[in-house]
Amino acid sequence: MNNIKNSVRLLGNLGMDPEVKTLDNGGTLVKFRMATSDTYTTASGETKENVQWHSIVMFGKVAEIAGVKLKLKKGDAVAIEGQLRYSNYTDSQGDSRWYTDILAREILLTNKKIQPVEQPMEIPDELLVEQESNTKK
């Protein structure tokens, strides 16, 4: 059970060509944005799509495979396994900013565009309004 303390698994599509860098120590760094999506039906019968964007970071062997051997590009469908990371920095105005990314430990190129999956449950409209108002804050 120790392996599931901070574990993320995603199946989705690259939203951009990966940024590949060689580090000062000779290692490889790869960054890209990945979209996951699903669909659901509201209580009123309307079908909606929910797209989530994730920032993915890779180092070492997995970065070499993703950035060099697989030659990933925008639109590719991939499965990744990794862990959540929370970091902060100070912007040019002196404000502290937080961001979340996923440090990928494994990647699999699926060669097939991922389509949204219909969720079997209905989400009441009241919850959707609450969810939308919370994301605007």
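The values are calculated or read from the model by the stated rules, or taken from the named source; none is laboratory data. For clarity, every value in this text was computed on a predicted model and none was experimentally measured. Every residue, glycine as well, gets a Cβ built from its backbone with ideal geometry; the counts of neighbours run over all protein chains shown.
With respect to the numbered conditions (1) touching a Lys or Arg at 6+ places or on another chain (Cβ under 7 Å); (2) modelled with pLDDT under 95; (3) closer than 20 Å to T110 by Cβ, which one is the sole condition not fulfilled by W53?
Condition not satisfied by W53: (2).
Hey, can you tell me all the residues within the stretch 71-85 that are of a type outside the set (S, T, N, Q) and under 21 Å from T28 (Cα atoms)?
First, pick out the residues of the stretch 71-85 that are of a type outside the set (S, T, N, Q): 71-82, 84-85.
Residues satisfying the conditions are K71, L72, K73, K74, D76, V78, A79, I80, E81, G82, L84, R85.
In the set K61, K21, which member is closer than 21 Å to L109 by Cα and touching a strand residue (DSSP E or B) at 6+ places or on another chain (Cβ under 7 Å)? Give the steps one after another, and end with the answer.
On the way: K61 fails: touching a strand residue (DSSP E or B) at 6+ places or on another chain (Cβ under 7 Å).
It is K21.
Condition check ((1) among the hydrophobic types (A, V, I, L, M, F, W, C); (2) on the phi > 0 side of the Ramachandran plot; (3) touching an Asp or Glu at 6+ places or on another chain (Cβ under 9 Å); (4) not in a strand (DSSP E or B)) across all residues:
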{"residue": "L11", "(1), (2), (3), (4)": "yes, no, no, no"}
{"residue": "D17", "(1), (2), (3), (4)": "no, no, no, yes"}
{"residue": "N25", "(1), (2), (3), (4)": "no, no, no, yes"}
{"residue": "M34", "(1), (2), (3), (4)": "yes, no, no, no"}
{"residue": "T39", "(1), (2), (3), (4)": "no, no, yes, no"}
{"residue": "E49", "(1), (2), (3), (4)": "no, no, yes, no"}
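Mind listing just one residue for me: the one in the stretch 74-129 that is outside any strand (DSSP E or B) and surrounded by 13 or more Cβ atoms within 10 Å (Cβ to Cβ) and, of those, modelled with the lowest pLDDT?
Applying the first criterion (outside any strand (DSSP E or B)) to the stretch 74-129 yields 74-76, 91-95, 110-116, 124-129.
Remaining after also requiring surrounded by 13 or more Cβ atoms within 10 Å (Cβ to Cβ): 76, 110, 114, 116, 128.
Values: D76: 92, T110: 86, I114: 53, P116: 52, L128: 47.
Applying the filter and picking the extreme gives L128.
Determine if the stretch 3-24 includes at least one residue that is under 16 Å from the mean Cα position of the chain (by Cα) and at pLDDT below 90.
no
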